[in-house]
Amino acid sequence: MDALSEIKSTEQYVNEIAKDGVTVVKNMFHKKQLQLLKKEVNDIYSIVRNKIANLSRPLKKHSDITERYLGRLDFKCGFTANIFEETAQPIIQLINNFSPTIDFRHYWGAIPSVSGAGSTNMHRDVYPILNTTEGVNLGSLDVSLPPYYFTALIPLVNITLENGPTEFIKGSHRRLIVDANQEDIYAPLLSPGDIVIFDGRTLHRGAANQSADERLVAYITFAAEWYHDQTFMINHYMFPKLSVVGR
Ligand SMILES: O=C(O)CCC(=O)C(=O)O
């Protein structure tokens, strides 16, 4: 498929997000922008690596740096360079098209996964609002709301079957109960410059990194102003001076 035939209209992205809960935008950024983005993310990452070098792992206590599974860090501190807000602009426009009645705030993060890191569990990124369901199940209020939580994953290396694509269950954002073992998995392979955006209610997981190299992915999370995202609620920062941008 050539690059031109992969360009979709905004309406197509809107329809895919509504129906599938996930959409891929190909070739969103040019090479120079990506190089700068990757440099800035790697600079933050090396500060993070130094800071955590002597801490016991996996890291669990902070809201700006966590490690869901050994070798799968998630850091949200230090994303202050101009390139981050520049890069966010076209994505913000898409998010506003996906959910025009919601006011969003957003923050940046990165999720490097080292060679040998295992997969995450299938999960949704949102909690059930009324807290009346179990596990990853949602309540009818959750699925009836206009989309209120999105993440845009921004790969900074090629995403291959070996280094672990993010796996999604399409349409699960509209379903209360899903048996992940019975569902088809959608696992888009991406190049730097492509992004995948998903509704936080969509079941997903990061696959294991079975390659020899690290998989580096940046992301932007968009949460409705009214949504109590714990990133903004827990003030236990490892880097208080570099605390999460976007509050
Ligand atoms: O690492 C991945 O591919 C998935 C990340 C993830 O699970 C998340 O953003 O909640």
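Assorted remarks:
- Any hit, the range 125-133, residues being under 17 Å from Phe222 (Cβ atoms), free of Cβ contacts under 8 Å to residues at least 12 places away in the same chain, within 16 Å of the ligand (Cβ to nearest atom) and surrounded by fewer than 20 Cβ atoms within 10 Å (Cβ to Cβ): yes
- Hits in the range 97-124 - residues which are outside any loop (DSSP other than H, G, I, E, B) and either without any contact (Cβ under 8 Å) to a residue 24 or more places away in the chain or of a type in the set (A, V, I, L, M, F, W, C) (or both): Phe98, Phe104, Trp108, Ala110
- Cross-chain or 6+ apart pairs with Cβ under 7 Å, the range 135-156 first and at pLDDT 95 or above, then polar (S, T, N, Q) and within 12 Å of the ligand (Cβ to nearest atom): Thr151/Thr221; Leu153/Thr166
- Of all residues in the range 163-184, those being within 14 Å of the ligand (Cβ to nearest atom), assigned to a loop (DSSP other than H, G, I, E, B) and over 13 Å from Gly21 (Cβ atoms) number 3.
- Scanning the range 125-158 for residues that are in contact with a strand residue (DSSP E or B) (Cβ under 7 Å, 6 or more places away or on another chain), over 15 Å from Gly200 (Cβ atoms) and not in a loop (DSSP other than H, G, I, E, B) yields Ile154, Pro155.
- Figure legend. Inter-residue proximity from the range 67-86: first residues in contact (Cβ under 8 Å) with a residue 24 or more places away in the chain and closer than 27 Å to Ala117 by Cα, second residues of a type in the set (Asp, Glu) and assigned to a strand (DSSP E or B), beta-carbon distance below 8 Å, spacing 6+ or different chains. Indicated pairs: Arg68/Asp74; Leu73/Glu67; Asp74/Glu67.
- Residue selected from the range 74-96 under the condition buried (at least 17 other Cβ atoms within 10 Å of the Cβ) and assigned to a loop (DSSP other than H, G, I, E, B), by the criterion farthest from the ligand (Cβ to nearest atom): Ala81
- When Ser99 is tested against the conditions (1) within 13 Å of the ligand (Cβ to nearest atom); (2) small (Gly, Ala, Ser); (3) closer than 25 Å to Ser9 by Cβ; (4) out of contact with any helix residue (DSSP H, G or I) (no Cβ under 8 Å at 6 or more places or on another chain), the lone failure is (1).
- Residue within the range 109-119 that is over 20 Å from Ala152 (Cβ atoms) and either more than 16 Å from the ligand (Cβ to nearest atom) or surrounded by 19 or more Cβ atoms within 10 Å (Cβ to Cβ) (or both) present: yes
The values are calculated or read from the model by the stated rules, or taken from the named source; none is laboratory data. In this text the structure is predicted, and so the values were computed from the model without any measurement. Glycine gets a Cβ as well: all are built from the backbone with ideal geometry, and neighbour counts include every protein chain shown.
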